[in-house]
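Okay, structure first, notes after.
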Amino acid sequence: MQFPKYFNFWHKLGMHSLRLTAWAVLAFLMLPILVIIPLSFNVEPYFSFTEGMLAFDPDAYSLKWYAEIINDDKWILAIKNSFLIGAAATVIATVLGTLAAIGLSRADMPLQRMIMAILLSPMIVPLIITAAGMYFFYTQLGLAGSYLGVIIAHAALGTPFVIITVNAALSGFDYSLVRASLGMGASPSYTFFKVIMPLIRPGVISGSLFAFITSFDEVVVILFLAGPEQRTIPRQMFSGLREQINPTILAVAVLLVVVSALLLLTIEYLRARGERIRTGQIS
Amino acid sequence: MSQAELTAAHTAASFNEDSGVDSGLTPEEKRQSKRNLRRRKLIATAFVIPLIVFVLIAFIAPIGTMLYRSVYHPTVAQLIPETLQALQSWDESGNSIPDTATLNVFAKELHYLAKERRSGKLAEEINRGLPGSSSTIKSSARKLKKLDEATLTSEGGEHLLAAKKQWQDVRIWRTMKSSGEIFTDSFYLTATDLTRNEQGEIVARDTNIYIKLFAKSLKIALLITFLTAAIGFPLAYYLATAPAKVANTLMVFVLLPFWTSLLVRTTAWIAILQTNGVVNDFLMALHIISEPIEMLYTQFSTVIAMTHILLPFMILPLYSVMKGIDPSYFRAALSLGAKPLSAFCRIYFPMTLPGLSAGALLVFIISIGYYITPALVGGTDGQMISNIIAFHMQSSNNWELAAALGSILLILITLLYWIYDRLVGVSNIKLG
């Protein structure tokens, strides 16, 4: 580490201990996630390191928990459900959220602040309250225990994230482009798809990824609203952790970490791209 | 220009249009501009309407239903409608039980309930208001079930009084009358450890469950907020002052946990903290401890797992605020002779407060209503208010009490959310 010349011993000590603390906190953030990776290859049905694993004995490691996932109908159904419900909820949330964010970004929008607060509230209200309320209400509508009910619920939970990211993408948006397009005779829908969308696309995509991960990771609403048919991966993990803990859950967890890492990389790429679009460094 | 400035400029513009201050426009042009403004408002609204309708139906209506359920309780009114009708004219503040006609009506209704096997439900409901009355109702129902209708119409009351001496007691009738109210505050009273005494006054309950649980949830949430701030601050500072390349790389280590499934992270903590888990194995291998420590299924495990899960919510707003602070202020303070500590406390730290308060409020709001992690790693000691709501929803089937507890929690969250909106602005929330 390079220090300015005027730094005395105490300054340097302070900087070193700061760096040490920062790295310790980073370790605290990352280690729990890293620890499950070797544990998921444990040949024994435990959640802990065996002596063989610590000695790097190849026989102590196995892929059998991963095979277990593929051979278990329950897990396969859960994986299918997670992607199906997630995709459907994402489509609804993205379409409605993007339109709303465009409307809300206009200064002409009446009651802007209040509407924004209401539309973002699904993100803030504790899930247990949302889930209980949805259970009461959706049961009356006959939507409890159905795919439609779960999809609607997850779409509602995902919309705030779409609004936030699209809103951010629109923050530097130049509305004279829209006026120019309309003025030159383009139809409103042509203007929307050919002028507005290309400029806010990174925001829309990262918003939809947030909406997807929200649904993909959600378990409380599923616990209350879904029937056995609609069990998702987190729901299956939840009951696994409560009833019979075995390393299949760790194998699933590792696969989920891989999915998160891929999503994270996509989002970061999109963000960098969005930044360049806003600052005009890309055509 | 920020959103607020835009709005201000816009308001100023429309003010000029309305007030007729010499704007150099003809009346026709003014009308035209008003029409345009209305049209623009309409278009903006048209974009938002679909989502508003969707959120109203899919989210706000369920929350409304829950609020309604917390005060609406028609069960008793549906079980014994005629008795409640007859009890209308009875003076519950007196010391005499209702007249014979009312007793006859009730005997008849109890007879029918027993036949339809619904007397147990009534017993359960009345027992909530007056513990011990369940057996009175159940055994009387069994006896009245055998009688025929004619007997009940003429002398049902006598049989009722003969069945159990508790019917001579004015308290059970008071309880029945008050339980018969369709709209009730009794679940809110229960949720705040209060009850009504025989005179109908609100008094404290002997057992202190829910207030204690609310207090414990607040305490855990505060502790987690403090911990995330205490360990998030140095990291955010380090990231904000590090060279861009280093900071961007290290940021991945903050964002990956943020993006990783909550259940995955909770699973990881179970693997780490359990009796034969990583921490215990490690400490035993180093001979620091000889017996494994019980860490999982305690309040400690709830706090540490939730601190881990919520830490990114503290780091991200802190980082983005610190990033915007010009380091020359701090250097200026140093070169003007301030001690580093005092320069930090008086110059740098106050400038980070917007990020710190945003992060703290966010972490506090999220942690106060947390359910999954306490449910999985909390044991009995680490349960929070959400867990008791889930318990009343799923196991004890006391939905109204769950709704009342949920409503109190919701009011608390709404208040915090409102503060957050005033302080930070909900539209300023940034993700990732």
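Every number in this text was worked out from the coordinates using simple rules, so none of it is lab data. Predicted, not measured: the structure shown is a model, and the values here were computed from it. Neighbour counts run over all protein chains shown; Cβ positions are idealised from the backbone, glycine included.
Could you work out the percent of alpha carbon pairs in the protein assembly as shown separated by over 52 Å, rounded to a whole number?
For the protein assembly as shown, the share of Cα pairs beyond 52 Å comes to 25 percent.
Note the full-extension length gain between residue B:93 and residue B:205 as 0.36 nm times their separation in residues minus their Cα-Cα distance, in nm to one decimal. Extending this stretch completely gives an extra 38.2 nm.
Spin-label model, residue A:73/residue B:414: points 7 Å from Cα along the beta carbon direction are separated by 4.7 nm.
Across the range B:210-428, the relative contact order, built from alpha-carbon pairs under 8 Å that are at least six residues apart, equals 26 percent. Overall shape of the range B:307-432 was characterised from the C-alpha gyration tensor. The equivalent ellipsoid obtained from it has semi-axes of 40, 15, 11 Å, in decreasing order. Across the alpha-carbon set of the range B:210-428, the Rg to Rh ratio works out to 1.04, Rh being the Kirkwood radius. For chain B, the longest principal axis of the Cα atoms and the long axis of helix B:244-259 meet at an angle of about 10 degrees.
Shown here is the pair-distance distribution of chain B: with all Cα-Cα distances grouped in 20 Å bins from zero up to the longest one, the shares run 18, 35, 29, 16, 3, 0 percent. Among the chymotrypsin sites (Phe, Trp or Tyr not before Pro) within the range A:194-276, not one is in coil by DSSP while having at most 12 neighbouring Cβ atoms inside 10 Å. For the range B:18-155, the fraction of C-alpha pairs more than 22 angstrom apart is 62%.
One quarter of the convex hull surface, Cα atoms only: what value does that give for the range A:64-278 in nm²?
For the range A:64-278, averaging the hull's shadow over all directions gives 13.8 nm².
Please work out the Cα center distance from the range A:235-283 to the range B:173-232, rounded to the nearest Å. For the range A:235-283 versus the range B:173-232, the Cα centre distance is 39 Å. Screening chain A for DSSP H helices whose Cα atoms reach 24 Å or more along their own axis and whose mean Kyte hydropathy is at least -0.5 gives A:9-39, A:73-105, A:147-170, A:197-217, A:248-278.
Quick note on the range B:269-357: its Rg to Rh ratio, both from C-alpha atoms and Rh being the Kirkwood radius, is 1.25.
Taking the square roots of five times each eigenvalue of the Cα gyration tensor of the range B:131-256, the equivalent ellipsoid has semi-axes of 64, 17, 11 Å, listed largest first. Each other residue within a Cβ distance under 15 Å of residue B:151 adds +1 if Lys or Arg and -1 if Asp or Glu, for a net charge of 0.
With no solvent and one point per C-alpha, what does the Debye sum give as log10 I(q)/I(0) for the range B:75-182 at q = 0.16 Å⁻¹? Here log10 of I(q) over I(0) equals -0.60.
Beyond a 18 Å Cα-Cα separation, which of these cross-linked pairs lie in this structure: B:146/B:177; B:115/B:177; B:143/B:165; B:138/B:164; B:138/B:165; A:194/B:34?
B:146/B:177; B:115/B:177; A:194/B:34
Spatial offset of the range B:372-389 relative to the range A:152-171 amounts to 29 Å, using the alpha carbon center of each. Normalising the average separation of contacting C-alpha pairs (under 8 angstrom, six or more residues apart) by the number of residues puts the relative contact order of the range B:138-271 at 10 percent. Relative contact order for the range A:64-278 using alpha-carbon pairs under 8 Å, separation at least 6, rounded to a whole percent? Averaging sequence separation for qualifying contacts and normalising by length gives 34 percent for the range A:64-278. If you take the Cα centroid of the range A:91-133 and the Cα centroid of the range A:55-71, the two points sit 45 Å apart.
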